[in-house]
Structures are given as C-alpha cells and as structure tokens.
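K.L.:
Here it is, the structure in full.
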C-alpha cells in the first residue's frame, strides 16, 4: 500500500514546483548500467527528475528500482557527452539536503553544490549546460565506485 504512493508523491512534489512557479524548468534522465563507460552488468534502473525553481534552488527526485541490494553512496551530475566520462559539476550525495522515502529519494541543491567548471557559478549556469545534452546523472555504489547506473540529460531547444 505504501509503495503505491511513492511515485505519485514524487511526481506531485517535483512537477508542481513551488507555488506553481511558471518559469520552473524540468529535466529527466533514465538511468541504466549499460549507459555507463564501460557498461555495468546490472538490472538496476532509475528515473530522475530535476526541476529548477526560484532561480536559486534545484529540486531533484529519483526512484531507484533496486534489484540488487546496493546502497548508493554518491550521486553526481557530470559534464560529458554520451559514451564519454566527464568531470563532476554538481554533487548531490553526500553534500545536498536529502530525504529518503522508501524507493524515492529527494534532494534540494543550491549553487553551493556546484563543482568543477561550475564552481562559484550560479544554478542558471548548470541549467544552461544541461540544455546542451552534454550532462549526465551518475549513481555510485561500493561495488561500482566509478559509476553503477547512468542517464544522459537530453538536449533542449530553449525550453
């Protein structure tokens, strides 16, 4: 019964934004092991939603389908095209505020969580980078410290 409310709760939280802000922008990524470089043999999958709100906050939520009982110990956005590794530009776990609700994890990130080429910049710079299609979300575990599952953020045309 509880599991049935996790996905709708994630959708309501992230898709509604804060007070229905009209300018909020969302990005989604579908994560699998075969998108890692090199590919990782796992049946684990994830769906992540990133929603920029109020110009200084990023709401992040993902639902992880854990078919293997691995604990995620790092979550990052990296700069890099499909099939190539790249530097971290946003550190979510363990740095950002996190709330775990069963299989759903929610984060609130600010510019303080930016790293690498975006260190000292604004979240709007991350949003601009994400529109290019050259960023991806990577989840790391103890067994796969270089990356367990990965999902590319698709390019956006000014949306």
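K.L.:
Suppose we take every Cα in region 32-159 and form the convex hull; what volume per residue is that in Å³?
P.N.:
Residue-normalised Cα hull volume stands at 97 Å³.
K.L.:
For residue 57 paired with residue 115, estimate the spin-label separation in nm (one decimal), with each label point 7 Å from Cα along the Cα-to-Cβ line.
P.N.:
Label-label distance for residue 57 and residue 115, simple model: 2.4 nm.
K.L.:
Then there is this: Using the basic label-point model (7 angstrom from Cα toward the beta carbon), what is the residue 45 to residue 73 distance in nanometres?
P.N.:
Result: 2.8 nm between the two label points.
We did not get these values from a lab; they are worked out from the coordinates using the rules stated. Remember, it's a predicted structure, so these values are computed and weren't measured experimentally. Cβ sites come from the backbone with ideal geometry, for glycine too, and all protein chains shown count toward neighbours.
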